[in-house]
Amino acid sequence: MLIWREQTQRPVVRRKGQIMIGELLGIGNTASVYEWGKTEVIKIFHNQSHSMHEAKKEAKNAEIINNLNLRAPNYSGLLEYKGTSCLIYEKIDGPTMLKQIDPTKLSISHYAKLMAQLHFELHNIEIKMNSNLKTELTNKINTAEMIKEYEKQIVINVLNTLPGGNALCHYDFHPATSSFHPRDL
């Protein structure tokens, strides 16, 4: 059973008297991530009305990632909490890349090159499904209230000139979300 602890703003799961959710690990634009026992995390979406759609979309993509055997946290399930969809992932212990970067030219250069290499490797992985990135971006552009109509059309025209394909795209891969073990360098 999943309940919300108002005083701490932390959800708690009880299974046979055991608490399974721990401290808040991170807050993003669409969800918050908490410890879920010792080996997993739970991603709880902020927007209850869109959570099921977003969670199902991410779960489908996470299953594809699991089957590719990449160095990525394993996805292990979808559940619901007070009408909000949640995803369960393997917990990765280790510092983020951002925490490893020293404020020196050598360190910044090293990690910038490493991040570029990781992106290159990621984007060279082909998946066996039709890409929907252009469609998703077009929909987001069209529904963005802050962009003027003529600007939307300019951006969509540029988007339509870009090549299609079946490459893997993370959408939000950056040094603050990239946990790794130094042996991976």
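Confirm whether Leu106 is free of Cβ contacts under 8 Å to residues at least 24 places away in the same chain, open to solvent by 50 Å² or more (accessible area, probe 1.4 Å) and in a strand (DSSP E or B). Judged against the criteria, Leu106 is not a match.
Scanning segment 66-99 for residues that are polar (S, T, N, Q) and free of Cβ contacts under 8 Å to residues at least 60 places away in the same chain, we see that the one that is nearest to Lys43 (Cα to Cα) is Ser85. What residue, of His170, His174, His123, His119, is in contact with a Cys (Cβ under 9 Å, 6 or more places away or on another chain), within 26 Å of Glu90 (Cα to Cα) and either open to solvent by 50 Å² or more (accessible area, probe 1.4 Å) or in contact (Cβ under 8 Å) with a residue 40 or more places away in the chain (or both)? From the options His170, His174, His123, His119, the qualifying one is His123. Among the residues of segment 57-82, those that are in contact with a strand residue (DSSP E or B) (Cβ under 8 Å, 6 or more places away or on another chain) and hydrophobic (A, V, I, L, M, F, W, C) comprise Ala59, Ala62, Ile65, Leu78, Leu79. The single condition among (1) within 23 Å of Asn66 (Cα to Cα); (2) at pLDDT 85 or above; (3) not small (Gly, Ala, Ser) that Cys169 does not satisfy is (2). Hey, among Lys82, Lys140, which residue is out of contact with any Cys (no Cβ under 7 Å at 6 or more places or on another chain), at pLDDT below 90 and either open to solvent by 40 Å² or more (accessible area, probe 1.4 Å) or under 20 Å from Trp36 (Cα atoms) (or both)? Exactly one of Lys82, Lys140 is out of contact with any Cys (no Cβ under 7 Å at 6 or more places or on another chain), at pLDDT below 90 and either open to solvent by 40 Å² or more (accessible area, probe 1.4 Å) or under 20 Å from Trp36 (Cα atoms) (or both), namely Lys82.
The values are calculated or read from the model by the stated rules, or taken from the named source; none is laboratory data. Just so it is clear, the model here is predicted, and its values are computed rather than measured. Positions of Cβ are backbone-derived with ideal geometry, glycine not excepted, and every protein chain shown enters the neighbour counts. SASA here: full protein model, heavy atoms, side chains in, ligands and nucleic acids out. Shrake-Rupley method; radii C 1.70, N 1.55, O 1.52, S 1.80 Å.
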